[in-house]
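Written below as structure tokens is the structure these notes are about.
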Amino acid sequence: MSYQDEEEGGAFDGHASSFPKDFGYGAFDGEHDVNLSASGEQKPRILLMGLRRSGKSSIQKVVFHKMSPNETLFLESTNKIVKDDINNSSFVQFQIWDFPGQIDFFDSSFDSDMIFGGCGALVFVIDAQDDYMEALNKLNLTVTKAYKVNPNIKFEVFIHKVDGLGDDFKMESQRDIHQRATDDLADSGYDQIHLSFHLTSIYDHSIFEAFSKVVQKLIPQLPALENLLNILNTNSAIEKSFLFDVVSKIYIATDSTPVDMQSYELCCDMIDVVIDVSWIYGHVFSVKEEQDPAAFDEQSSSLIKLNNGTVLYLREVNKFLALVCILREDNFDHKGIIDYNFLCFREAIQQVFELRNKCQGNPLTNSAGSPIVNGNNIIGERHLSPTLTDEIGSK
């Protein structure tokens, strides 16, 4: 199945506030080279690398194109660089380049400066069910080559296909790969390079959680978003909150409390339910009234009460972002306060959007669209409305 074939028929319906079931990211023409140096607006790039059949293309299809994990079994091995443009909300905008496993960095046709120069993150995928010694050698070569060109790259290692491994073997594999990779870098004289390791599988939510961590490192507004979520939680008695990109189900921000995998999975399942229901009833409404589907708009929300006294509460921030909160049922008695605080939160998010848009028109911006002053990003909570905290805290 080709990428172009897969995207046909999955176009967004055009309604500004709907969550259609089959919408996705627009296709990126992978047959044409991108002039990164001449581009007026440069997006961060995520490189997917690893040996052949390690699962790189499957990860991309499952996370960003809603492909079923079982369908990835029929994907052909990548034999050329596949470029994918991820372009939806103001925060999730980047390019993913899927590299064939047989790529030779010493080939004269391989332009290291062009490939790694504009790279924001490099994700190296290792098949945990295979002998990973060759993969570790390739990892060392890839990371050192990239670091020479661009020391600011975030290096992420996905220890992939762990769904068929026992818990003890997973942890042992992670420790062994971590130790060997770190030692190899130290032996090469690159002990200053930091590698982040993630246990992943396309058959559960671990791949979405891992990609969430990767994308967050490319969002310069992340501290401001986390601070807004902390303020919202404090003044609304919310235990945990996520700001989700509903297309991919990766969370672009969460509050400062630790992420519990079970809570994250519940929130992902809730988004699936909301998208499915809004899609069904949106089309029913459209057929009856001969209008565009409008079952899910800026006034809509979703509430799920679990039998353990926990409440899941979803509110739409914009057509691609949703806030999902977890709180106790007793604390949901003051729903009016929570809704008011959410409106203040959404207004603050809009301020961050507007600041981002202004910065993208500024020539002094980095690859993620943030203004640079003395080499540092200046986006932070101090640039938001000074009354924001008081507004969210009002009751």
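The values are calculated or read from the model by the stated rules, or taken from the named source; none is laboratory data. Remember, it's a predicted structure, so these values are computed and weren't measured experimentally. Ideal geometry is used to build each Cβ from the backbone, glycine not excepted, and the neighbour counts take in all protein chains shown. Only protein heavy atoms, including side chains, enter the accessible area calculation; ligands, DNA and RNA are left aside. Shrake-Rupley method; radii C 1.70, N 1.55, O 1.52, S 1.80 Å.
Is one or more of the residues making up the range 58-77 touching a residue at least 40 places away in the same chain (Cβ under 8 Å), in a loop (DSSP other than H, G, I, E, B), more than 22 Å from the chain's Cα centre (by Cα) and more than 19 Å from residue 213 (Cβ to Cβ)?
So far as the range 58-77 goes, yes, one or more of its residues are touching a residue at least 40 places away in the same chain (Cβ under 8 Å), in a loop (DSSP other than H, G, I, E, B), more than 22 Å from the chain's Cα centre (by Cα) and more than 19 Å from residue 213 (Cβ to Cβ).
Scan the range 58-77 for residues that are closer than 27 Å to residue 133 by Cα and either in contact with an Asp or Glu (Cβ under 6 Å, 6 or more places away or on another chain) or of a type in the set (D, E, K, R) (or both) and report the count.
Number satisfying all stated conditions: 3.
Run down 189, 164, 117 and say which single residue is among the small types (Gly, Ala, Ser) and free of Cβ contacts under 8 Å to residues at least 24 places away in the same chain.
Just one listed residue meets the conditions, 189.
Looking at (1) over 26 Å from residue 127 (Cα atoms); (2) in contact with a Cys (Cβ under 8 Å, 6 or more places away or on another chain), find the lone condition where residue 237 falls short.
(2)
Let's see how each residue does on (1) under 17 Å from residue 229 (Cβ atoms); (2) assigned to a helix (DSSP H, G or I); (3) at pLDDT 90 or above:
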residue: 296; (1), (2), (3): no, no, no
residue: 304; (1), (2), (3): no, no, yes
residue: 338; (1), (2), (3): yes, yes, yes
residue: 348; (1), (2), (3): yes, yes, yes
residue: 357; (1), (2), (3): no, yes, no
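Quick check on the range 158-173: of everything there that is assigned to a helix (DSSP H, G or I) and touching a Leu at 6+ places or on another chain (Cβ under 6 Å), which residue is most open to solvent (accessible area, probe 1.4 Å)?
Here the answer is 170.
So residue 226 ticks every box in (1) under 30 Å from residue 135 (Cβ atoms); (2) open to solvent by 30 Å² or more (accessible area, probe 1.4 Å); (3) among the charged types (D, E, K, R) but one. Which box is left unticked?
(1)
Right, residue 76: in contact with a helix residue (DSSP H, G or I) (Cβ under 9 Å, 6 or more places away or on another chain), farther than 25 Å from residue 196 by Cβ, open to solvent by 40 Å² or more (accessible area, probe 1.4 Å) and at pLDDT below 85 or not?
Yes.
Suppose we keep only residues that are exposed (fewer than 14 other Cβ atoms within 10 Å of the Cβ) and not polar (S, T, N, Q) within the range 145-157. Which one would you say is nearest to residue 220 (Cα to Cα)?
151
Does residue 352 count as at pLDDT 90 or above and open to solvent by less than 10 Å² (accessible area, probe 1.4 Å)?
For residue 352, the condition - at pLDDT 90 or above and open to solvent by less than 10 Å² (accessible area, probe 1.4 Å) - is not met.
Can you tell me which residues in the range 323-349 are open to solvent by 80 Å² or more (accessible area, probe 1.4 Å) and over 14 Å from residue 305 (Cβ atoms)?
If the condition is that a residue be open to solvent by 80 Å² or more (accessible area, probe 1.4 Å) and over 14 Å from residue 305 (Cβ atoms), then 334, 340, 343, 347 are the ones that fit.
Pick out the one residue from 241, 248, 263 that is modelled with pLDDT under 90, within 25 Å of residue 64 (Cβ to Cβ) and polar (S, T, N, Q).
248
Scan 182, 142, 200, 234 and give me the residue that is open to solvent by 20 Å² or more (accessible area, probe 1.4 Å), more than 30 Å from residue 356 (Cα to Cα) and either of a type in the set (Ser, Thr, Tyr) or in contact with a helix residue (DSSP H, G or I) (Cβ under 7 Å, 6 or more places away or on another chain) (or both).
Criteria check complete, one pass: 182.
For the range 221-257, give me each residue that is part of a loop (DSSP other than H, G, I, E, B), touching a residue at least 60 places away in the same chain (Cβ under 8 Å) and within 24 Å of residue 333 (Cα to Cα).
237, 238, 239
Among the residues of the range 258-267, which ones are touching a residue at least 24 places away in the same chain (Cβ under 8 Å) and part of a loop (DSSP other than H, G, I, E, B)?
The one that is touching a residue at least 24 places away in the same chain (Cβ under 8 Å) and part of a loop (DSSP other than H, G, I, E, B): 259.
Specify the residue that is least open to solvent (accessible area, probe 1.4 Å); the eligible residues are those in the range 94-133 that are in contact with a strand residue (DSSP E or B) (Cβ under 9 Å, 6 or more places away or on another chain), aromatic (Phe, Trp, Tyr) and in a loop (DSSP other than H, G, I, E, B).
Filtering first and then ranking leaves 99.
With respect to residue 70, is the statement that it is surrounded by fewer than 15 Cβ atoms within 10 Å (Cβ to Cβ) and modelled with pLDDT of 85 or more true?
Taking the combined requirement at face value, the residue satisfies it.
Starting from residues that are in a loop (DSSP other than H, G, I, E, B) and more than 10 Å from residue 252 (Cα to Cα), keep the ones in the range 200-217 and report whichever is nearest to the chain's Cα centre (by Cα).
205
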